[in-house]
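Input: a single structure, listed below in C-alpha cells.
Nothing in this text is a laboratory measurement; each read-out follows from the coordinates by a stated rule. Quick caveat, the model's predicted, so the values are computed rather than measured. For neighbour counting, all protein chains shown are included, and Cβ atoms are generated from backbone atoms with ideal geometry for every residue, glycine included.
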Amino acid sequence: MKYDPWHWIALRGTWGKDFRAPSAAEGGSSGELFGAGACTDPTLCPNPNAHSSSSIVTGPGDYSTQCSLQMTGFQAANPHLQNVKLTNWTAGLVLQPLRDVSLTGDYYNIKATNDIIPAFEAGGLGNYSSILRGAPIIQPYCPATYAAGCTSGERVKQVTPVGTSLALS
Amino acid sequence: MQWYKKVQDEHAPPAALSGAQSESGGPIYVIGTEKDAAAFLELDGKPIKHFEVDAAGRFDHYQGVGSAFTPSLA
C-alpha cells in the first residue's frame with residue numbers, strides 16, 4: 001500500500017505470505033552423494049579428543065584408525081517433507097525533492113519456517129545421519145585400562161566389535 | 001488460474017552405481033512428479049485520496065504435499 005499526502009513524499013509498505021513446495025529432488029525419489037569431511041566414528045572412537053594434543057596418542061577405548069575418517073555421505077529424498085512457509089513485510093519511504101530526483105529507502109523482513117536443509121547439515125553425524133557399516137576388521141585398539149591414552153606401541157590389534165564405516169546415510 | 005505438472009525421470013548413470021564415478025553438487029538420480037493447481041485473485045484501488053492499496057490472494061494445491069493459501073498486501 002502507498003500513502004502520498006504530498007507530491008514530494010510517499011510512505012509505502014507491503015505484507016505477504018509465500019510458500020515453496022518440496023521439489024521432486026527433495027520430496028520424491030532421489031539420491032545425492034556429498035563429501036562429509038573428517039568424521040569420527042562414535043562407536044569405534046568414543047574418546048577422540050581425550051588426548052588430541054599428540055597424534056601418536058590414542059584415547060582409551062579407541063580404534064585409532066576410526067577417529068578421523070574422510071566419509072562420503074548419501075542424501076536421499078524425504079517424502080514426508082512439508083511446504084516451506086515464508087512471511088515477508090517491507091516498509092519504506094520515497095522522497096522526491098526535485099522534479100527529476102527521487103530517493104527511496106525500504107526495509108525488508110523475510111521469515112522462513114519449515115525450511116528444507118540437508119539432514120547432515122541439520123544434525124551432523126548421529127542426529128539424523130547414521131553410518132553404513134561393512135564387515136568387522138582387525139584394527140589397532142587402545143585398551144580402556146590405558147586411562148592416559150596409548151602410544152602406537154601400546155595399541156593392540158583386535159577385531160572391531162561392529163563393522164567399520166563405509167558411508168553416511 | 002494455473003495448472004502445472006513436472007515429471008522427472010533421471011536415473012543414475014551406471015558409473016555412479018558401480019562406484020567408479022561420484023558426482024558432487026547435485027543429485028545422481030531424481031524420479032518424481034510435481035503437480036500444482038492454483039487460483040489467484042488481485043484487487044487494486046484507491047479507497048481514499050492519496051492512498052493506494054493492492055490486495056491479492058493465491059491458493060495452491062500441490063498433489064502429495066498439501067495446500068497453501070498465500071495472501072499479500074501491497
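By the rule of a C-alpha distance below 20 Å, with chain neighbours fewer than 8 residues away ignored, the aspartates and glutamates paired with A:Lys157 are A:Asp41, A:Asp62. Here is the short version for the protein assembly as shown: A:Cys39 have no other Cys C-beta closer than 4.7 Å.
With contributions of -39500 (n - 2.57) from each DSSP H run of at least four residues, the per-residue ellipticity at 222 nm computed over chain A stands at -2000 deg cm²/dmol. Cross-link partners for B:Lys35 among the aspartates and glutamates, with Cα-Cα distance under 18 Å and sequence neighbours closer than 8 places in the same chain left out: A:Asp18, A:Glu26, B:Asp9, B:Glu10, B:Asp60. Structure note, pairs A:Lys85/B:Lys6; A:Lys111/B:Lys6; A:Lys85/B:Lys5; A:Lys111/B:Lys46: Cα-Cα distances above 23 angstrom occur for A:Lys111/B:Lys6; A:Lys111/B:Lys46.
Listed by chain and number, the aspartates and glutamates whose C-alpha is less than 13 Å from the C-alpha of B:Lys49, apart from same-chain residues fewer than 8 away, are A:Asp4. Rg/Rh for the range A:2-168 (Cα atoms only, Rh after Kirkwood) is 1.33. For the pair B:Leu73 and B:Trp3, a Förster radius of 25 Å applied to the C-beta separation gives a FRET efficiency near 0.45, rounded to the nearest 0.05. Here the sum of -39500 (n - 2.57) over DSSP H runs of 4 or more residues, divided by the residues of chain B, equals -1500 deg cm²/dmol at 222 nm, to the nearest 500. Within the range A:2-168, DSSP assigns beta bridges of which about 95% are antiparallel (rounded to the nearest 5). Peptide B:60-70 shows a mean partner chain C-beta count of 5 within 10 Å per residue C-beta.
Between A:Leu132, A:Leu69, A:Leu11, the Gaussian network model of chain A with springs among Cα atoms under 10 angstrom shows the greatest mean-square fluctuation at A:Leu11.
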